[in-house]
1. When each pair of different Cα atoms in chain A is counted once in the 1/r mean, what is the Kirkwood radius in angstroms, to one decimal?
2. Putting +1 on Lys and Arg Cβ atoms and -1 on Asp and Glu Cβ atoms, find which of A:456, A:500, A:444 reaches farthest to the positive end of the dipole of the stretch A:444-500.
3. How would A:475, A:365, B:485 rank on accessible area, largest to smallest, probe 1.4 Å?
4. Along the stretch B:279-293, what does the Karplus equation 6.51 cos²θ - 1.76 cosθ + 1.60 (θ = phi - 60°) give for ³J(HN,Hα), rounded to whole Hz, x for Gly and Pro?
5. Could you report the stretch B:217-360's accessible area per residue, 1.4 Å probe, as an integer in Å²?
6. Please state the charge dipole magnitude for the stretch A:444-500, taken about the Cα centre, from unit charges on C-beta atoms (+1 on K and R, -1 on D and E), reported in debye and rounded to the nearest 20.
7. Short version: which residues of the stretch A:39-64 lose at least 40 Å² of accessible area, all chains versus chain alone, 1.4 Å probe?
8. Compute the relative contact order of the stretch A:309-435 as a whole-number percentage, counting only Cα pairs closer than 8 Å that sit 6 or more residues apart in sequence.
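The values are calculated or read from the model by the stated rules, or taken from the named source; none is laboratory data. Keep in mind it's a predicted model, so treat the numbers as computed, not measured. FYI the Cβ positions are ideal-geometry reconstructions off the backbone, even for glycines, and counts take in every protein chain you see. Ligands, DNA and RNA are stripped out before the accessible areas are found, and what is left, the full protein with its side chains, is counted by its heavy atoms. Shrake-Rupley method; radii C 1.70, N 1.55, O 1.52, S 1.80 Å.
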Amino acid sequence: MTAHINPKKLIKGATGDWEVIIGLEIHAQVNSSAKLFSGSSTGFGAEPNSHVSLVDAAMPGMLPVINEECVAQAIRTGLGLNAKIHLRSVFDRKNYFYPDLPQGYQISQYKDPIVGEGKILVDVGPDETIEVGIERLHLEQDAGKSIHDLDPRNSFVDLNRSGVALMEIVSKPDLRSSEEAKAYVSKMRTILRYLGTCDGDMEKGNLRADVNVSVRKPGEPLGTRCEIKNVNSIRFIGQAIEYEARRQIGILEDGGAIDQETRLYDPGKGETRSMRSKEEAHDYRYFPDPDLLPLEFDQAYVDRLKAALPELPDVKKARFIADYGLSPYDAMVLTLEHESADFFEAVAKGRDGKASANWIINELFGRLNKEGILISASPVSADLLGVVIDRIADGTISGKMAKDLFDIIWRTNADPEAKTGRLNTREDIDVLIEATGMKQVTDTGEIEKLVDDIIAANPDKAEQARSKPGMLGWFVGQVMKSSGGKANPAAVSDLLKAKIGLE
Amino acid sequence: MTASPSTDLTTLGLSEARDELRKKSFSSVEITKAFLANMEAARSLNAYVVETPDKALRMAAMSDEKLSRGEGGPLEGLPLGIKDLFATDGVRTTACSKILGDFTPNYESTVSSQLWRDGAVMLGKLNCDEFAMGSSNETSAFGPVVNPWMPPNWTAERAKAAAAGTDKGGLLVPGGSSGGSAAAVAANLCLAATATDTGGSIRQPAAFTGTVGIKPTYGRCSRWGVVAFASSLDQAGPITKTVRDAAIFLKSMAGHDPKDTTSVDLPVPDFEAAVGRSIKGRRIGIPREYRVDGMSPEIETLWQRGIAMLKEAGAEIVDISLPHTKYALPAYYIVAPAEASSNLARYDGVRYGLRVPGRDVIEQYEMTRAAGFGKEVQRRIMIGTYVLSAGYYDAYYVRAQRIRTLIKQDFELAYADGIDAILTPATPTAAFGIGEKSAADPIEMYLNDIFTVTVNMAGLPGVVVPAGLDDRGLPLGLQLIGRPFDEETLFSVAQVIEDGSGHFRASRWW
């Protein structure tokens, strides 16, 4: 157990501080076109029961056959979690009855999972990085879906999901706050998406978590935990932990005891409620599935998969800091999604890394978020953003103009019926700069005239400025205004200083 | 044998019929009709639960066409019966359980599809114990099968009268679970039949009916489309009239199937070529642990006669020890029910088969499964659920698996010592009466499998060959156990026993 207790993470109770202990079981749907033990499609949103094979429906005499791609995905994920890959693992049956579980058992891995212990680094905030242990990862089948609200008297079952491969990733109880838990899930999602082993789509339920929460007084042994099942958004995970920790503290401070139980989080009410107690817990009667031989592969197979892994977020982040001079925070933000990181690298190639990062994080991300567009569909491509940055660097346009230019490019390219047509090339942008008269005025003669005019119109202010150099800003503003924003501010400032006699 | 116009075609063996069909001594339609007529006349034996005469005649006509062109597969035009455990496309498949209702699959088991691929003709589905759980065919939802061997000292009239009743009281069981398969072969209701064997379900009925039954090595035949009882033990195989017939039939049933990952990717040898091969110098093990208490002296005599035949044929007889044999039966009755309790969970009334509605889904499960499963199946589900439960798993299931490993090692050691095959009795007694054991302590019934379960526990091939009659005139069999995937040696040695013992045919009284 972690020896260090961070006082900032403790929760204040009536009887003193409490430490909250959190462990997560993340269920991540494996990216694969076919199910774990059948050839049925895993496509989302199909007609109910249209992706169901004889195996998925557990017809008599049907047998599971392992989908090798799902195995490879689990190994890739294990490697991405810096975990031990078990060359031999065993599929077990977890037995229970439910209408959306056609076999009457879920094929899972119990004692011998495909992936053992590992660890990942999690950024909790700009200045804090924690290490979270991974207990194990195993492959298992998803269940189907029961639908209870279509008919007052009947329930319906959709087996499209039945048999889809899931990775259950179990963390060690290393998390100490809802913030840490949220950051952990977020990081896990990033890793999975980098690896391409899970799309991380929480809205579709492709990534969901069971959250184990207990509380204790710092330094005391672990308390009794409750498991909050199936929480399907990072925000809800945070809320559920906050509520559950306070609930447990309340009970303990009132002299009560925590019942080990399974609970559900109700996002509407913002509370967790009991689903079943330990006594009602199923006896799953796990035993090795006799239809399947132990899963075995050799180290060479693992090595081949490892060699083909993409660069992972931590490595990428370190490289961005070292190669592009980014701050750790900017590097973290840019590496959250590999699409963003790729975009950044495309922009930063041959350009200033920090300027590129600023433009992407401040302008591009802001606009993408506001309009709900994915970076892969950004109306302003990396190439075009690069041109914008180039034109600032070579003094063609001002930073302010650049923002207007960015907006024009965005609106033009986002409008499918734009009359002018899409902007695609460096030439398109340069023509646009000319046409809109954005080009910065650097012609000193032209600026000089403006400066002279302003000084002539404000002789008293010019006089004041000689003793109060702070006034210079006012003059710069006036000149810029009269130039329609096109004057180069640096040139304006230099001229003003000379004319007023500040040097 | 050559078929003359007066020959009853249904008395032919599979290999004889095959040869005669190729010589065009008769047509597939003719022999198929002869079997259909026999089936109709033998309904009181209750061997078939579904007859498919139209399908049979269609298939036979197609075979005749092929044969007339000099084409056709290894089983072209040969009428066969299929145990009701094999899914057959468009033909009701229920594992002889009420819980499957009128379930009619739209898929064909790999094994049966290979038979049709090779040209065989389907006569119908054969009765068996419910979900293959039983040793007497008395647990079938369709009622017991009658052994074509008449009880000693009975008259045909008495037997006929008893067979006309539903309880068939006093007549003999054909063994189980493949009782319908064994009875159909023994009563000339098909040339040969598919069967399955989880603890002796092919071999014990073969012994009780004077037929040949082989359970091949686990993994030799695909389990895809065969209703599962205990997945790690189930294996399909044939019941036939002769050793050669079994060799021909198994060749068509066997083979790797990518849809069953426990099936083995090994070439299927020409088993028929092994029939008649010399066994000179082969080392045959005689395990002392198979001399069990309560075994009848006739069985001992039969065993000795078998030993003498093999010796005479030039084999070397070696006394061996398989020390963990006595634990096999108890361990089997943990492993098999454990797997069954899980395999049978899918019969829940939700998607197919019987559904008895209840107030809620839990009650629906309870009512459906209480009404759909028979007593023996319920007993095994409960045993299996118990031994897998938290707190009992280590004490029962884990220990049983350990015993299984030891049993396997016993055989491996014997084979490592150069033993080629092991000769044992097939059953402790000849066929018993319907109702005689089913009402008693279930252990009595389970003891029938005492010589056969070890073979399943070790995944080995085992064949039972008729070797004589007991003093009341009922057939008895001897069992040969082989090395993994060495069915060929079993066929060679079994042929020697068959040659030495002759054939044993029930005379027709029904």
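1. Result for chain A, one decimal place: 27.1 Å.
2. So the residue we want is A:500.
3. B:485, A:365, A:475
4. Values per residue, Gly and Pro as x: 10, 4, x, 6, 9, 10, x, 10, x, 5, 5, 7, 8, 8, 4 Hz.
5. In whole numbers, the stretch B:217-360 has 36 Å² accessible per residue.
6. On the way: 8 positive and 7 negative charges, 35 e Å.
Charge dipole, the stretch A:444-500, about its Cα centre: 180 debye, nearest 20.
7. The answer is A:54, A:59, A:60, A:61, A:62, A:63.
8. Relative contact order comes out at 18 percent.
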